[in-house]
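Here the structure comes first, spelled out in structure tokens, and everything after it is commentary.
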Amino acid sequence: MSRAVDSAVQPFAARRARLLAQLPPGTVAVLTTAPEVMRNSDSPYPYRHDSYFYYLSGFAEPESTLVLLAAHGDALARSILFCRNKDPEHEIWDGFRYGPEAACAAFGFDEAYAIDDFDKKMATLLGSGSKRRRKQIKKAELLPLLDAMRLLKDDSEQATMGRAAGISALAHVRAMRAMARSGAGLPEYALEAELLYEFRLHGAQAPAYPSIVASGANACVLHYSANNAVTRDGDLVLIDAGCELDGYASDITRTFPVNGRFTTPQRQLYELVLAAQAAALAAVAPGQPYSAIHEAAVRVLTEGMLELGLLDKNTCGSVADAIAEQRHRQFYMHGTGHWLGMDVHDVGQYRDIHAEGKPSRALQAGMVLTVEPGIYVRPAAGVPDIYWNTGIRIEDDVLVTPHGHTILSAAAPKSVAEIEKLMQ
Ligand code: GLY
Ligand code: MN
Ligand code: MN
């Protein structure tokens, strides 16, 4: 592990070293990347590596396995890659592949071998039949170690996530401008096309999850992804879309008027969600419990729902009663965020599972999370009809810093004034 490696692959080598230092002596961790999946006959789905494998290797080719040998007696820890051999014939069709020798040098592994030799080599590495037998660590023991590491983003991850969120913010701006230029009648998928264009223009490899472009009542469908309705004058559009850049996700939601101007009821609901987000963001700082973010959003939303008459004061009682009975769930039925990282809903515990009573865990510098309150009003008896079929969510990507937080997605406008100005 002492081998000098190129600065681009240094973070991966450092993660391997940190994991190896935590593995029990004499154990072996085996991490295989994702399989290629065929869409039909000889056409594959776009390939995406396994996040754990990539986190430790930086190696994006399929048919690869990483073997990490913890120190064992006087034998030092080692990291070994198994990958596809060089194959000039296949490379004519499908492009460059490293092969073990070049991969070993370029990515800073201790050894590398052909994946075809995996079974034979593994028998040797595990020391089958010898006194120096090694034991393969079970996934259930390995993944919690990795999840804890992945939860705290290192400098290189923070930099990539900042770039990913920046690209996605540009994509949201582009969609708002396209909406303003074309006006009502533009199909939702045309806005989706603007997002995808901006993602690729800046080198992002793919959307991090299916883009939601939901106009009018569609915005009340939380995982709407048909994106095939036509935008109508007087409606809002909710866009939840983020790119994946170099293995890292971004996840931004903005909601804006088709015609560039919020109506009074739309503005009332929008300002309420924005205030809830501000309260939630104020709770993002090291040492604060994760649960405080959702609690802050729910308090503001509940107060607003009672004030606007979405919730009936006579049936709900005080704000405290309404919160205790979770009345907000009629219009706000999801959590206020999640960890964000290589996966859009990233790994990591939300509770301190080792502490008495499993309390919500304290935020730490280096964590990245989304803050995404919303309000979704479906037609219902007792609900003022001026708010019906309105869905609003405002979602940002937030890095916990030593003294507070940084909003990675801040370049996407979100105040009523900023949005209306941009769309003029
Ligand atoms: N786009 C998925 C989410 O917001 O969690
Ligand atoms: Mn999200
Ligand atoms: Mn989202």
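The values are calculated or read from the model by the stated rules, or taken from the named source; none is laboratory data. These numbers were taken from a predicted model, which means no experiment stands behind them. In this analysis, Cβ positions are derived from the backbone assuming ideal geometry, glycine residues included, and neighbour counts consider all displayed protein chains. Remember, those area values only see protein heavy atoms, side chains included, never the ligands or the DNA or RNA. Shrake-Rupley method; radii C 1.70, N 1.55, O 1.52, S 1.80 Å.
Return the residue satisfying two criteria in turn: it lies in the range 321-352 and is more than 30 Å from Gly58 (Cβ to Cβ) and within 16 Å of ligand 2 (Cβ to nearest atom), and of such residues it is surrounded by the fewest Cβ atoms within 10 Å (Cβ to Cβ).
To start, the set of residues in the range 321-352 that are more than 30 Å from Gly58 (Cβ to Cβ) comprises 321-336, 351-352.
Retained after the next criterion (residues that are within 16 Å of ligand 2 (Cβ to nearest atom)): 332-336.
Numbers: Tyr332: 22, Met333: 11, His334: 14, Gly335: 15, Thr336: 27.
In this case the residue turns out to be Met333.
Restricting the first residue to the range 126-143 and requiring it to be assigned to a loop (DSSP other than H, G, I, E, B), which pairs with a second residue that is β-branched (Val, Ile, Thr) meet a Cβ separation below 8 Å and a spacing of at least six or different chains?
Short answer, once both residue conditions are applied: Leu126/Val28; Arg134/Thr27; Arg134/Val28; Ile137/Thr27; Ile137/Val28.
State whether one or more residues within the range 42-65 are over 27 Å from Arg134 (Cβ atoms), modelled with pLDDT under 95 and in a loop (DSSP other than H, G, I, E, B). Even if it seems obvious, please write down each step before you answer.
Restricting attention to the range 42-65, the residues satisfying the condition of being over 27 Å from Arg134 (Cβ atoms) are 42-48, 60.
Those still in the list that are modelled with pLDDT under 95 too: 42.
Add one more test, that the residue is in a loop (DSSP other than H, G, I, E, B), and what stays is 42.
There is at least one residue in the range 42-65 that is over 27 Å from Arg134 (Cβ atoms), modelled with pLDDT under 95 and in a loop (DSSP other than H, G, I, E, B).
Whether any residue in the range 353-370 is within 14 Å of ligand 2 (Cβ to nearest atom) and in a loop (DSSP other than H, G, I, E, B) is what I want to check.
If we filter the range 353-370 for residues that are within 14 Å of ligand 2 (Cβ to nearest atom), which is where we start, we get 368-370.
From the residues that got through so far, the ones that are in a loop (DSSP other than H, G, I, E, B) too are none.
No: the range 353-370 contains no residue that is within 14 Å of ligand 2 (Cβ to nearest atom) and in a loop (DSSP other than H, G, I, E, B).
Given the residues Asp94, Asp74, which is the only one that is modelled with pLDDT under 95 and closer than 27 Å to Pro210 by Cα?
Values: Asp74 fails: closer than 27 Å to Pro210 by Cα.
Answer to the check: Asp94.
Consider the range 296-339. How many of its residues are aliphatic (A, V, I, L, M) and either modelled with pLDDT under 95 or touching a Lys or Arg at 6+ places or on another chain (Cβ under 6 Å) (or both)?
Going residue by residue through the range 296-339, those that are aliphatic (A, V, I, L, M) are 296-298, 300-301, 305-306, 308, 310-311, 319-320, 322-324, 333.
Now drop any that are not either modelled with pLDDT under 95 or touching a Lys or Arg at 6+ places or on another chain (Cβ under 6 Å) (or both), which leaves 306, 311.
Qualifying residue count, the range 296-339: 2.
Considering only residues that are part of a loop (DSSP other than H, G, I, E, B) and open to solvent by 40 Å² or more (accessible area, probe 1.4 Å), which ones fall in the range 199-210? First the steps, then the outcome.
So in the range 199-210, the residues part of a loop (DSSP other than H, G, I, E, B) come out as 202-205, 208-210.
The answer is His202, Gln205, Pro210.
Specify the residue that is farthest from the chain's Cα centre (by Cα); the eligible residues are those in the range 396-413 that are within 16 Å of ligand 3 (Cβ to nearest atom) and surrounded by 23 or more Cβ atoms within 10 Å (Cβ to Cβ).
Ala412
List pairs: first in the range 182-211 and without any contact (Cβ under 8 Å) to a residue 60 or more places away in the chain and within 16 Å of ligand 2 (Cβ to nearest atom), second hydrophobic (A, V, I, L, M, F, W, C) and open to solvent by 50 Å² or more (accessible area, probe 1.4 Å), Cβ under 9 Å, 6+ apart or cross-chain?
Sorted first by the residue in the range 182-211, then by its partner, the pairs are Pro207/Leu196; Ser211/Leu196.
Show the residue pairs that are 6+ apart or on different chains and have beta-carbon atoms under 7 Å apart, the first residue being within the range 223-252 and more than 21 Å from Trp388 (Cβ to Cβ) and within 16 Å of ligand 2 (Cβ to nearest atom), the second being modelled with pLDDT under 95 and acidic (Asp, Glu).
Within 7 Å, no pair qualifies.
Name every residue in the range 175-188 that is open to solvent by 50 Å² or more (accessible area, probe 1.4 Å) and either within 16 Å of Thr255 (Cα to Cα) or not in a helix (DSSP H, G or I) (or both), in order of residue number. Please lay out each step first, then the result.
So in the range 175-188, the residues open to solvent by 50 Å² or more (accessible area, probe 1.4 Å) come out as 177, 181-182, 184.
Matches in the range 175-188: Arg177, Ala184.
Looking at the range 297-320 only, could you name the residues that are within 22 Å of Thr336 (Cα to Cα), open to solvent by 50 Å² or more (accessible area, probe 1.4 Å) and in contact with a helix residue (DSSP H, G or I) (Cβ under 8 Å, 6 or more places away or on another chain)?
Arg299, Glu303
Out of Gly366, Gly382, Gly317, Gly404, which single residue is more than 16 Å from ligand 1 (Cβ to nearest atom) and without any contact (Cβ under 8 Å) to a residue 40 or more places away in the chain? Walk me through how you get there before you give the answer.
On the way: Gly366 fails: without any contact (Cβ under 8 Å) to a residue 40 or more places away in the chain; Gly382 fails: without any contact (Cβ under 8 Å) to a residue 40 or more places away in the chain; Gly404 fails: without any contact (Cβ under 8 Å) to a residue 40 or more places away in the chain.
Going through Gly366, Gly382, Gly317, Gly404 in turn, just one is more than 16 Å from ligand 1 (Cβ to nearest atom) and without any contact (Cβ under 8 Å) to a residue 40 or more places away in the chain: Gly317.
Which of the residues that make up the range 24-54 are more than 27 Å from the chain's Cα centre (by Cα) and either under 14 Å from Cys83 (Cβ atoms) or in contact (Cβ under 8 Å) with a residue 24 or more places away in the chain (or both)?
Selection gives Pro24, Pro25, Gly26, Thr27, Val28.
Can you work out which of the residues in the range 375-395 that are touching an Asp or Glu at 6+ places or on another chain (Cβ under 8 Å) and open to solvent by less than 60 Å² (accessible area, probe 1.4 Å) is nearest to Gln158 (Cα to Cα)?
Out of the qualifying residues, it is Glu395.
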